[in-house]
1. Could you check the range 57-107 and list, in sequence order, the residues that are in a loop (DSSP other than H, G, I, E, B) and in contact (Cβ under 8 Å) with a residue 40 or more places away in the chain?
2. Within the range 25-81, count every residue that is acidic (Asp, Glu) and surrounded by fewer than 16 Cβ atoms within 10 Å (Cβ to Cβ).
3. Kindly evaluate Ala65 against the criterion of being at pLDDT 95 or above and out of contact with any Ser or Thr (no Cβ under 6 Å at 6 or more places or on another chain).
4. If you check Leu191, Leu186, which single one turns out to be under 17 Å from the mean Cα position of the chain (by Cα) and farther than 24 Å from Ala65 by Cβ?
5. Just to be sure before I move on: is Glu160 within 26 Å of Gln57 (Cβ to Cβ) and at pLDDT 95 or above in the structure I sent?
6. Leu12 fails exactly one of the following numbered conditions: (1) modelled with pLDDT of 95 or more; (2) outside any loop (DSSP other than H, G, I, E, B). What is the number of that condition?
7. Among the listed residues Glu160, Glu170, identify the single one that is closer than 29 Å to Thr101 by Cα, charged (D, E, K, R) and free of Cβ contacts under 8 Å to residues at least 40 places away in the same chain.
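The values are calculated or read from the model by the stated rules, or taken from the named source; none is laboratory data. None of these values were measured; they are calculated from a predicted model. Here the Cβ is made from the backbone with ideal geometry for all residues, glycine too, and neighbour counts use every protein chain on show.
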Amino acid sequence: MFRQTIAATALLGLMSIAPAHAQPVTDYLGIPGPITVGETRYELAWSSNPQPGYFKQEYLPEGSAPESYKSMVIVEFLSTDMPLTDVVSAQASMIEQRKATDPVANMAIFNNPDSDEILLDFLLSAKDEKGEFILEWNGYRYAAGEFEGQQGALLFAVSERAYGNAASEEFLKNLRDFKAQRLVDLTSADLPELK
């Protein structure tokens with residue numbers, strides 16, 4: 001149950017298009033930003049410590065709003081003794097279940113034998129209050145990590161969105177090349193150091 005709760009939090013952002021980001025931002029992980037992925041600099045915009053041992057921080061380009069972001073970087077740490085493969089499997093299971101109601105839900109998992117990192121590449125959709133599509137593509141880079149003396153899973157991710165049917169159609173047309181570049185950007189970036 002705990003594992004499913006943690007995995008579900010990654011999907012909640014898409015389902016609640018206007019999350020409550022009005023609270024003060026706390027840098028729980030010692031990563032104040034900016035973080036650069038590709039050619040974009042991301043500033044710390046939101047953070048949460050929803051339960052002991054689980055921390056999440058979101059970073060946006062300057063001038064972006066969390067409720068309507070087009071590009072975001074996410075850093076999470078989960079204190080756990082589960083193997084990294086189990087953490088990724090929990091997230092993958094949530095995406096598989098979503099396929100029953102989401103016409104574009106899709107994913108691929110890649111293992112890096114040189115670093116023991118795992119990459120999860122996935123696409124989700126939702127509809128806004130007008131019935132227009134919102135598409136969200138995510139590249140999740142998982143690695144073993146340590147924070148405050150606890151072993152666990154580190155997530156370093158990029159999330160990209162398109163809003164409205166026309167923008168979503170264009171997003172899908174360019175997705176193959178776009179996501180290939182974003183995955184290179186993500187895997188080329190240094191993993192954040194938790195402090």
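1. Tyr69, Lys70, Thr80, Asp81, Met82, Val104
2. Matching residues across the range 25-81 total 5.
3. So Ala65 does not fit the description; no.
4. Among Leu191, Leu186, only Leu191 is under 17 Å from the mean Cα position of the chain (by Cα) and farther than 24 Å from Ala65 by Cβ.
5. Values: within 26 Å of Gln57 (Cβ to Cβ): yes; at pLDDT 95 or above: yes.
In short, yes.
6. Of everything listed in (1) modelled with pLDDT of 95 or more; (2) outside any loop (DSSP other than H, G, I, E, B), Leu12 misses just condition (1).
7. It is Glu170.
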